[in-house]
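Okay, structure first, notes after.
The values are calculated or read from the model by the stated rules, or taken from the named source; none is laboratory data. Predicted model, so just to flag it, every value in this text is computed and none were measured. Here the Cβ is made from the backbone with ideal geometry for all residues, glycine too, and neighbour counts use every protein chain on show.
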Amino acid sequence: MRNLLAFPDESRVWIYQADRPFEDGDIPKINADIESFCTQWTSHNHELKAIGGVMHDLFVVLVVDETNSSASGCSIDKSVSFVKSLELKYGRKLLERNNVAWLDQDEQLQITPLACLKAVVESGRVKMDTRVFDNLVTTRKDYISRWTVPLGESWMKRFVK
């Protein structure tokens, strides 16, 4: 995402994980859709300073600098509606939070249903130090520093005990 570093640490972040990676050819189109949405995204008729993009071919990330205008309920509803439109247009589920994304020992992105996480840990494919994506981060600062964390330091660890 261009210009992310120009946004304050407190900027709000929303991360939507697809149920499977986007096609390479679709990513530039999705990024264009996101850019178009961000340029017209408003809250109570005030323009929001927003950016977004597809990360790791799997995640749609939206960021809002709330210094001058805060994202309100209505503007958040607009973003959810936009994400739903991406789901329809690109054939991916983005609003379900049933999957865990993680990096294997070769730094390749893997996806596992949350309900199967314990079995994947028991099989040895995932360990407590395996880096998982915590899509519940809410600020730019946490996105940069804590989006990927060891499983043992994440909220997901409770599913493997």
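Would you pick out the residues in segment 12-38 that are buried (at least 19 other Cβ atoms within 10 Å of the Cβ) and polar (S, T, N, Q)?
The one that is buried (at least 19 other Cβ atoms within 10 Å of the Cβ) and polar (S, T, N, Q): 17.
How many residues are charged (D, E, K, R), modelled with pLDDT of 95 or more and within 16 Å of the chain's Cα centre (by Cα) if we restrict to segment 83-114?
4
Residue 30: within 17 Å of the chain's Cα centre (by Cα) and either hydroxyl-bearing (Ser, Thr, Tyr) or under 13 Å from residue 78 (Cα atoms) (or both), yes or no? Explain how you work it out, then say what you get.
Numbers: within 17 Å of the chain's Cα centre (by Cα): yes; either hydroxyl-bearing (Ser, Thr, Tyr) or under 13 Å from residue 78 (Cα atoms) (or both): no.
When the stated conditions are applied, residue 30 does not pass them.
Report, ordered by the first and then the second residue, all pairs with beta carbons closer than 7 Å, sequence separation of six or more or different chains, a first member in segment 140-159 that is without any contact (Cβ under 8 Å) to a residue 60 or more places away in the chain, and a second member that is of a type in the set (Phe, Trp, Tyr).
Partner pairs satisfying both residue conditions: 148/133.
I'd like to verify a number: residues in segment 58-82 that are at pLDDT 95 or above, surrounded by fewer than 18 Cβ atoms within 10 Å (Cβ to Cβ) and of a type in the set (Val, Ile, Thr), how many?
So the answer is 1.
Of the residues 61, 80, which single one is free of Cβ contacts under 8 Å to residues at least 40 places away in the same chain and either within 26 Å of residue 160 (Cβ to Cβ) or outside the structural domain of residue 154 (by TED's automatic domain parsing) (or both)?
On the way: 61 fails: free of Cβ contacts under 8 Å to residues at least 40 places away in the same chain.
None of the other options fit; the residue is 80.
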